[in-house]
1. Restricting to Cα pairs below 8 Å that are 6+ residues apart, what does the relative contact order work out to for the chain? Please round to a whole percent.
2. Just check the chain against the gyration tensor rule for me: Cα atoms, a ≥ b ≥ c as the square roots of the eigenvalues, rounded for a/c under 1.5, and otherwise prolate or oblate depending on whether a/b exceeds b/c.
3. Which value at 222 nm does the chain reach when only helices count, each DSSP H run of 4 or more adding -39,500 (n - 2.57), with the total divided by all residues and rounded to the nearest 500 deg cm²/dmol?
Amino acid sequence: MSHEISITGQITPDQIPMLAENGFKTIINNRPDGEEAGQPTSAEIAAAAKKAGLAYKEVSFAGNELNQNHVEEFADFFNQAQQPVLIFCRTGNRSTGIYEAAKRMDLLDD
């Protein structure tokens with residue numbers, strides 16, 4: 001089985017109903033709160049996800065601070081998450097990095 005994922009830049013709470021309509025079941029946030037003015041908080045996105053019936057998890061880290069604990073936390077949640085999964089950060093680079101790290105470490109179920 002292959003993973004059903006999409007990786008994107010920052011999402012907003014008002015986009016979440018559309019994401020649910022498009023079939024996403026889970027959202028993973030890799031972006032810490034407060035990186036820039038006007039950025040939605042993790043709590044705002046979590047509330048919108050819950051309202052739309054989507055699972056939500058924050059595994060946030062600054063761009064250069066990815067570590068083993070982040071990768072393991074991400075993989076543990078990802079492996080039990082309903083797919084398709086939307087993974088986001090500011091630009092998508094961090095999210096790609098954590099997903100690829102988990103794959104390289106063979107932490108993701110097939």
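Here, each number is a calculation from the coordinates, and none is a lab measurement. Source: prediction; values computed, not measured.
1. Computed over the chain, the figure is 42 percent.
2. Cα axes put the chain in the oblate bin.
3. -11500 deg cm²/dmol
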